[in-house]
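The values are calculated or read from the model by the stated rules, or taken from the named source; none is laboratory data. Note that the coordinates shown come from a computational prediction; the quantities given were computed from them, not determined experimentally. Cβ coordinates were reconstructed from backbone atoms using ideal geometry, including for glycine residues, and neighbour counts include every protein chain displayed. In case anyone asks, the SASA skips ligands and DNA or RNA and just uses the protein heavy atoms, side chains included. Shrake-Rupley method; radii C 1.70, N 1.55, O 1.52, S 1.80 Å.
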Amino acid sequence: MIRHAKIEDIAAIVNIEKKVFRETLGDRFLYQEIKENPFAQYFVYEMGHEVIGYIGYRYDQSFCEMMNFCIIPTHQNEGYGKELLEVSMLEMISLGAKTFTLEVRNSNLVAQHVYERMGFKKSHIRKNYYQNEDAIVYIKEVQA
C-alpha cells in the first residue's frame, strides 16, 4: 500500500536510506519535512506492516523537486519502485505539479534507466553535487 508518510515511519525511512545510500538525510530533517514543511510531500510503500521504500518531494505551485527515492535492497527490481514513483507523481500532479526535477549520481545507471523509462530527460550536470561525484539533473514536464 502506498500512503503518505507519518512521523512513525521515520525510523524505517532512515534504516532504508542507510541500506541503500550508506548515509541518511537524518531523523531531524525527515521530521521537519513530514511534520513542519508545508511544501513537502512524502510517501511510503508499506508491505504488510513493513515500510519497504519511500519517496519525498518539495513543491511550489507547478514545480516539484524529488528529494529522495529508494526501495529496500531486498525488494528492488520487483516493480515496487516504479509503482511508488507513478502513484506519488499522480498525487503531485493532482496538487498542480507540472514540472518534476531530480538529481541522480552519475554512477547510478540503474536509477537513470528507471527515470528515463518513466519519461524523464537529462537536463544538465551538477559538478561535485555528491561531494566527489557529479549529479545528472533530470526533468519531466507533464500535462495536468
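Some points to look at:
- Residues of the range 47-82 that are assigned to a helix (DSSP H, G or I) and among the small types (Gly, Ala, Ser): Gly81 alone.
- Top-ranked residue in the range 74-90 [being under 13 Å from the mean Cα position of the chain (by Cα) and charged (D, E, K, R); ranked as modelled with the lowest pLDDT]: Lys82
- Top-ranked residue of the range 51-92 - restricted to ones that are polar (S, T, N, Q) and within 18 Å of Glu33 (Cβ to Cβ), ranked as least open to solvent (accessible area, probe 1.4 Å): Ser88
- Some residue of the range 122-130 being surrounded by 11 or more Cβ atoms within 10 Å (Cβ to Cβ), at pLDDT below 95 and under 15 Å from the mean Cα position of the chain (by Cα): no
Residues are listed down the side, and each one gets a yes or a no for (1) open to solvent by 30 Å² or more (accessible area, probe 1.4 Å); (2) of a type outside the set (Asp, Glu); (3) part of a loop (DSSP other than H, G, I, E, B); (4) farther than 19 Å from Gly81 by Cα:
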| site | (1), (2), (3), (4) |
| --- | --- |
| Arg3 | yes, yes, no, no |
| Ala11 | yes, yes, no, yes |
| Glu17 | no, no, no, no |
| Thr24 | yes, yes, yes, no |
| Arg28 | yes, yes, no, yes |
| Ile34 | yes, yes, no, yes |
| Gln41 | yes, yes, no, no |
| Tyr45 | no, yes, no, no |
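- Per the conditions (1) at pLDDT 95 or above; (2) of a type outside the set (Phe, Trp, Tyr); (3) more than 14 Å from Tyr42 (Cβ to Cβ), the sole criterion not satisfied by Met66 is (3).
- When the residues of the range 97-121 are filtered to those that are open to solvent by less than 30 Å² (accessible area, probe 1.4 Å) and of a type in the set (Ser, Thr, Tyr), the one that is farthest from the chain's Cα centre (by Cα) is Thr99.
- Residues being over 22 Å from Glu133 (Cβ atoms), touching a strand residue (DSSP E or B) at 6+ places or on another chain (Cβ under 7 Å), of a type in the set (Gly, Ala, Ser) and part of a helix (DSSP H, G or I) - total across the range 83-122: 1
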